[in-house]
Structure formats: C-alpha cells, structure tokens
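Undergrad: I'd like to ask some things about the structure below.
The values are calculated or read from the model by the stated rules, or taken from the named source; none is laboratory data. Bear in mind that the values here come from a model prediction, so they are computed numbers and not experimental data. Every residue, glycine as well, gets a Cβ built from its backbone with ideal geometry; the counts of neighbours run over all protein chains shown.
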Amino acid sequence: MSSSPFDPPAYRHDGEPIGNIADAYSGRLTPDLAVTTYRNIHRLFPSRTIAAGGPVRALPEAPVGFDDLRFCAQGAGALAIYAEPQTYDLYDYLALNSVTGFIVLHRGRVVHETYQRGNGPDTRWMSMSVAKSVTSTLAGVAIAEGAIAEGLSARVTDYVPALAGSAYAGVTLRDLLMMASGVGWNETYTDPASDRRALLDAQIDQRAGGAMAVMSALPGVAEPGARHNYSTGETQILAEVVRRAVGRPLAEYLSDTIWRPFGMERDATWWLESADGIEIGGSGIGATLRDVARFGQFMLEGGCIGGRSILPEGWIAQATRPTRLAGGETLEYGFMWWTGWTDASRRDRAYSARGIHGQYIYVNPTRQLVIAQHAAAPKPLGRMVIEPMALFDAVAARLSD
C-alpha cells in the first residue's frame, strides 16, 4: 500500500489549486476553491491507498426521468427556521445545495447520475463523516472474523493502551459505536477552541499518537452508555481498536474485505494521522461517486459477498436502526449510521451516512434504493438550502412501483 506522499496514477484533477483544511472546517473557502480542494484531499495530508482490483461490479443503466419530480421541503439544519416550506424540483436541489455529484441506484441499476463543477465518474471526492460509517462497518467485519472476540462488549482500553487511566476506562465497543461513552466532547467545527478542532490540530501536526493524546485528556461527564454526544474523536478511537485487532492498516483491511471483493472500480485514498501512521477514522476517504454508491449497495445487500455476509448476524439491523441508551431512552442513531428522520424514511427503515458540506450515502431497504451525493456547501453545517431527505423521500416514492 502506498502512503505518504500518495502517488497515484495520473489523475485528471492533479495540479488544481487547493485551500487548507482549517479554512474548510471554518467555512472560509470560495466556491471554486472548495471544489478543487475537495476533489484533491489526498494533497492535504499523507494518505494511504484503498486498492481496487479484480472484477468490477457492474452498474447497469436503467434511466428514469425526474424532470417532473416535485417535492415540498423546508430549509435544512439552521436554515429551517428562516423559511416556510417551498416546492422544489431536482434542478433547484442540485443548484441550491451545491451538489457536485448525484447518483441513484434502484435494485442495483443506475436510474439517474449527474455531475457538476467539472466532476465526473473518475473524480475522487472527500467523504468527511461518511468515513465514520465505513469505519464502524469495518468493526463489524473484525467481529465477524473473530479479531474482536468479545464483540460489542469489548473494552476500549484493552485495545487502546494510550487510553488506560482515562475517562474511557469502562467504555465498551457498543458505547463507542453509539457515541455514548459518557466522555465530554465539543464537536463545533467552526470553533477553533473546540475539541473537534483540537483533534484536527493534532492531525495537522502529523505526530503519531497525537489524536489519542487529545482523547485521553477528556473529562468524564456521564456513565458509559447513558448519554449520546456526537464525537468525531470516538471514531478515531474506533479506528485504533480495529487497527490493533486486525493487525493491519484500515485502508488495507477495507481493500481486502470489501473494496476489492465487492468490485469497486477505482482506488480510493484515506488520510493518515502521521506519515505511515493510522487512518483518520472519522473523515478523509477520497472515493468516486460510483464506488460510494457501491458501498451503499453492499449495505443494502446485507453485507453479502460471494453469497455470504461478511458481517455478524443481525449487524446491519443493529447498526442502522435506533439504539437504546443504558437508561432505556431510544437513541435515533445507530452504530455511526444515521437513522431516518422523516416519517417516510422511518417507515421504510431508511438510513444514511452523512458528512459535512453535504456528503451522503442514503440506503432504503424497503424500496431497494441507494443514493450517493457529493457536495460543496459553503459551511460545514447549516447551509444546505433544501433538506436532503425531502428529495430522497420523493425519489423513493417515485420508484416505489
């Protein structure tokens, strides 16, 4: 596996100008610079290859016209309080939400695919927190293979010695996957003083062990399993757990277990904490839109490769449906997958991987539907003009026959 510096074959977007990662998290990239940065993220940090190879999984085309698709939506996130619901079409959505790539698979066939801003099927695009759902899936593979013999009850500190004596003592793998460790964390991307930015600073410093130094200093604020608190840092701990359990880099493990066997078409890249170090579990995968959609199809098909699931029995149901906190409260969050948040998506048991600036993998098992989206929203959160799930629900309804 190649690592820092990433040295891929010729890439169409090589040589384009890029910004810096702190400006991306602060929402201070101009639109054109954001686009060229997000399709060249392997130049921001040392990266390791997620190698493709072998037979490519075909994505047959069965086009469906969405020109007449109309749906009613309110603003997404912070913008929801400023506008009454409006009627939109697909073209409004692509333009107003700064979408650079959008693909819809229905029963494994491409019914719609579009690229904007110079992107194409060969363009690798940043995942941001979509990577969290990939890392959590690798934890499931490691459990199924016996590398994490204790399963969900595994103690985090047994696999990550750097956290011994920290607030993570007593935290289980299940707690970690639910982001319910009880350890304090501030995820505010745009606040330079937040814990999330401290973790980013450790990544920028490129010091081996820097991320775990940040995590080991955090305070405990609740009993493990009792309170959900979204934390990118916990995904980095999960990366450490999986890396130590399987004894291989995560990019290599992903390549060997899913990327090549399921038939991904192109190599992808994954950021590293330091040169030749561990992958960043919560962000930094650069992959093509079609391969991101194929990952969604892998989930839709129950994690099956070669006629058998490579995940533990019942894993996808646990990972993608609401979970339960220690006190009995239902948590509308799975194992680093987001459960549906509209009535229609809940009925269909749809779920998604989500990344800041507008990245999505949406999976709807009832409708046999996968949607993947790349976007370059101007701020990490709160600047999607149209709520994405409103469009996803409308597409699901159109393809319900």
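Undergrad: Cβ-Cβ under 9 Å, sequence separation 6+ or interchain: first residue in region 1-20 and charged (D, E, K, R), partner modelled with pLDDT under 95. Which pairs?
TA: D14/P8
Undergrad: For region 178-206, which residues satisfy the criterion of being touching a residue at least 60 places away in the same chain (Cβ under 8 Å), under 20 Å from V241 (Cβ atoms) and in a loop (DSSP other than H, G, I, E, B)?
TA: Matches in region 178-206: M178, M179, A180.
Undergrad: What residue, of M264, M212, is assigned to a helix (DSSP H, G or I), out of contact with any Cys (no Cβ under 6 Å at 6 or more places or on another chain) and either buried (at least 18 other Cβ atoms within 10 Å of the Cβ) or touching a residue at least 24 places away in the same chain (Cβ under 8 Å) (or both)?
TA: Details: M264 fails: assigned to a helix (DSSP H, G or I).
Exactly one residue qualifies, and that residue is M212.
Undergrad: Say whether the condition of being buried (at least 21 other Cβ atoms within 10 Å of the Cβ), under 18 Å from the mean Cα position of the chain (by Cα) and either of a type in the set (G, A, S) or assigned to a loop (DSSP other than H, G, I, E, B) (or both) is met by at least one residue in region 340-347.
TA: There is at least one residue in region 340-347 that is buried (at least 21 other Cβ atoms within 10 Å of the Cβ), under 18 Å from the mean Cα position of the chain (by Cα) and either of a type in the set (G, A, S) or assigned to a loop (DSSP other than H, G, I, E, B) (or both).
Undergrad: OK, next. Looking at (1) buried (at least 20 other Cβ atoms within 10 Å of the Cβ); (2) within 30 Å of T330 (Cβ to Cβ); (3) touching a residue at least 40 places away in the same chain (Cβ under 8 Å); (4) among the aliphatic types (A, V, I, L, M), which is the only condition A222 fails?
TA: The one condition A222 does not meet is (1).
Undergrad: Could you please find all residues in region 188-205 being surrounded by fewer than 19 Cβ atoms within 10 Å (Cβ to Cβ) and out of contact with any Gly (no Cβ under 7 Å at 6 or more places or on another chain)?
TA: Residues of region 188-205 surrounded by fewer than 19 Cβ atoms within 10 Å (Cβ to Cβ): 188, 190-194, 201, 204-205.
Across region 188-205, the qualifying residues are T188, D191, P192, A193, S194, D201, I204, D205.
Undergrad: From the list I258, I305, which residue is surrounded by fewer than 19 Cβ atoms within 10 Å (Cβ to Cβ), over 22 Å from G225 (Cα atoms) and of a type outside the set (D, E)?
TA: Values: I258 fails: surrounded by fewer than 19 Cβ atoms within 10 Å (Cβ to Cβ).
After ruling out the rest, the residue left standing is I305.
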